[in-house]
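Undergrad: Below is the structure I would like to discuss, written out as structure tokens.
Read-outs: derived from the displayed coordinates by stated rules, not from any lab. Source: prediction; values computed, not measured. Every residue, glycine as well, gets a Cβ built from its backbone with ideal geometry; the counts of neighbours run over all protein chains shown.
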Amino acid sequence: MKYICPVCGYKGFDELVYDDFEKLAGGSFEICKCCRFQFGVDDDMELENGEFLTVRDALNIYRDIWLSFDAPVFMTAYY
């Protein structure tokens with residue numbers, strides 16, 4: 001069974017990208033071959049006031065930025 005990237009929808013992960021997918025916790029540190037998102041790293045976004053975004057908000061922001069660049073594929077050999 002293949003698992004899906006919650007940012008871009010790439011269906012190429014052999015394991016879940018989060019240990020607890022319902023809570024989006026415990027990132028796998030894998031990098032998506034399509035959108036280049038690294039789970040457990042890129043979803044750890046600190047704001048200027050010292051607070052952190054929720055993982056879901058970080059995923060949405062990353063998706064919006066990725067789409068604004070016309071959704072480039074990171075590793076075309078896998079897509």
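Undergrad: Would you please name the residue that is surrounded by the most Cβ atoms within 10 Å (Cβ to Cβ), looking only at residues in the stretch 15-32 that are in contact with a Ser or Thr (Cβ under 9 Å, 6 or more places away or on another chain) and in a loop (DSSP other than H, G, I, E, B)?
TA: My answer is Val17.
Undergrad: Please determine, by comparing only the residues of the stretch 33-56 that are hydrophobic (A, V, I, L, M, F, W, C) and assigned to a loop (DSSP other than H, G, I, E, B), which one is surrounded by the fewest Cβ atoms within 10 Å (Cβ to Cβ).
TA: Leu47
Undergrad: Out of the stretch 1-22, which residues are of a type outside the set (Phe, Trp, Tyr) and either within 15 Å of Asn60 (Cα to Cα) or within 12 Å of the chain's Cα centre (by Cα) (or both)?
TA: Those that are of a type outside the set (Phe, Trp, Tyr) and either within 15 Å of Asn60 (Cα to Cα) or within 12 Å of the chain's Cα centre (by Cα) (or both): Ile4, Cys5, Pro6, Val7, Cys8, Gly9, Leu16, Val17.
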